[in-house]
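Working notes, beginning with the structure itself.
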Amino acid sequence: MTTTETLTLAEIETLAQDALVAAGTSPANAAPLAKATAMTEADGVASHGLAYIPIYAEHVQCGKVDGNAQPVLSQPKPSVVTVDAATGFAHAAIDMGFEKLIPAAKDQGVAVLAINNSYNCGVLGVHTQRLAQAGLMGIGFTNAPASIAPTGGAKPVVGTNPFSIAAPGADGQAEVLIDQSASTIAKSEVMKHSREGKAVPEGWVLDVDGNPTTDPDAGLKGSMVPSGGYKGVGIALMVEMMAAVMSGATLGKDASPFSGTKGGPPKTGQFFIAIDPQATSGGAFATQLAALTEAVRDQDGVRVPGDGRGAKRIAAADAGVAVNSATLEKIRALL
């Protein structure tokens with residue numbers, strides 16, 4: 001039986017911060033990652049939360065990510081912000097970029113942020129929902145080391161490459177939060193099954209020869225199954241163009257893996273688009289969005305993307321989060 005321990009969100013953030021700093025990360029770089037980790041746990045996405053802290057720590061120690069990186073920001077045009085993450089954590093670079101992106105979008109109506117030379121940004125929706133909380137439509141893309149083969153092939157070329165869209169609501173939160181990868185399931189879920197010695201469901205992964213398998217280790221050596229077949233490959237290519245080609249980051253096919261210690265910094269990228277909905281909708285945005293979401297919620301047993309996370313976030317703020325005891329043991333061993 002899996003044992004758990006309940007922690008408050010503040011305790012999760014402090015534990016993540018302390019472990020990252022102990023591993024050699026500067027407090028300034030650890031802080032946004034620790035905060036995002038707590039948000040991720042609150043949203044119920046445990047596979048991307050505290051479970052990743054030992055991996056982040058290992059990657060700081062082996063040099064896959066520079067825990068003391070100092071991102072460099074530039075603004076080549078009024079509505080264009082770029083950040084070189086300097087092979088550091090994406091979170092610090094995103095924080096720096098958002099400080100310019102948000103006011104630029106409100107002033108110009110639309111603005112973009114391109115980040116290169118970065119590392120895993122965790123749950124993409126954590127970042128886009130911050131844009132929604134600022135009253136903007138937030139769209140985000142992030143590429144990852146290759147793990148999806150093109151339709152008809154067996155050699156991975158693009159990553160699971162998530163995209164996210166967050167629409168602002170009347171309560172200052174994200175009314176809609178779409179956050180999904182180009183694969184049938186996030187690769188971290190396969191990694192989690194591998195760590196726990198559990199088989200994965202059919203349709204998640206393929207082996208190195210392109211054959212279906214329920215062995216997570218064989219799948220990690222092979223490729224992820226794209227969501228919707230060739231349509232998923234198309235989404236992965238779209239994200240690759242936005243997050244890597246548009247930002248000048250390393251293509252997924254050339255990036256070192258986010259797991260293990262093999263290779264140097266992956267130097268992948270992120271791309272965000274922030275739009276002022278009032279500037280484009282003539283003031284009809286809130287009414288139209290409400291009509292759209294109500295049409296979905298009016299049906300029994302149906303929810304709008306993001307509703308589940310919102311409910312879990314409220315519950316977590318009140319009662320804390322149940323965290324796997326084995327994960328906590330690994331993290332506390334870092335301190």
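Taking 26 Å as the straight-line reach from the Cα of Lys64, the lysines in range (excluding those fewer than 8 positions away in the same chain) are Lys35, Lys155, Lys187, Lys192, Lys221, Lys253, Lys262, Lys267, Lys330. Based on the Cβ-Cβ distance of Met246 and Lys155, what FRET efficiency does E = 1/(1 + (r/R0)^6) give at R0 = 25 Å, to the nearest 0.05? E(calc), rounded to 0.05, equals 0.55. For Lys100, the lysines whose Cα falls under 18 Å of its own Cα, not counting residues fewer than eight places away in the same chain, are Lys77.
Between region 248-293 and region 171-237, how far is it from one alpha carbon centroid to the other, in angstrom? Centre-to-centre distance over Cα atoms comes out at 19 Å.
For Asp171 and Met238, the FRET efficiency from 1/(1 + (r/R0)^6), where r spans their Cβ atoms and R0 equals 30 Å, is about 0.45. Charge tally around Ala218: other residues with Cβ under 12 Å, Lys/Arg +1 each, Asp/Glu -1 each, net -3. Length, then width, then depth: along the principal axes, the Cα atoms of region 1-131 run 54, 30, 20 Å. Length, then width, then depth: along the principal axes, the Cα atoms of the chain run 53, 45, 45 Å.
Starting from a Cα-only point model with no solvent, please compute log10 I(q)/I(0) by Debye for region 31-103 at q = 0.20, 0.24 1/Å. At q = 0.20, 0.24 Å⁻¹ the computed log10 ratios are -0.89, -1.05. Charges were assigned to the Cβ only: +1 to each Lys and Arg, -1 to each Asp and Glu. The resulting dipole of region 1-121 about its Cα centre is roughly 440 debye. Rolling a 1.4 Å probe over the protein chains gives Ile102 an accessible area of about 40 Å². Net charge dipole, the chain: roughly 620 debye, given to the nearest 20, about the Cα centre with Cβ charges of +1 for Lys and Arg and -1 for Asp and Glu. Both radii are taken from the alpha-carbon atoms of region 169-217; with Rh as the Kirkwood radius, Rg/Rh is 1.22.
Estimated purely from DSSP H runs of n ≥ 4, each contributing -39500 (n - 2.57), the mean residue ellipticity at 222 nm for the chain is -12500 deg cm²/dmol once divided by its residues. What net charge do the residues around Asp107 carry, taking every other residue with its C-beta under 11 Å from that of Asp107, with Lys and Arg at +1 and Asp and Glu at -1? Every neighbour counted, the sum reads +1. Spacing of the modelled spin labels on Asp254 and Ser79, each 7 Å from Cα toward Cβ, amounts to 3.0 nm.
Tell me the carbon and sulfur percent of the accessible area for the chain, rounded to whole percent, probe radius 1.4 Å. Kindly include the intermediate steps, with their values, before the conclusion.
Details: 8100 of 14800 Å².
Ligands and nucleic acids excluded, carbon and sulfur reach 55 percent.
Based on every Cα atom in region 180-335, Rg and the maximum pairwise Cα distance Dmax equal 20.1, 55 Å.
The values are calculated or read from the model by the stated rules, or taken from the named source; none is laboratory data. These numbers come from a predicted model, not from an experiment. Because the Cβ atoms are built from the backbone with ideal geometry, glycine has one as well, and the counts that use them run over all protein chains shown. Accessible surface areas use protein heavy atoms only, side chains included; no ligands, DNA or RNA. Shrake-Rupley method; radii C 1.70, N 1.55, O 1.52, S 1.80 Å.
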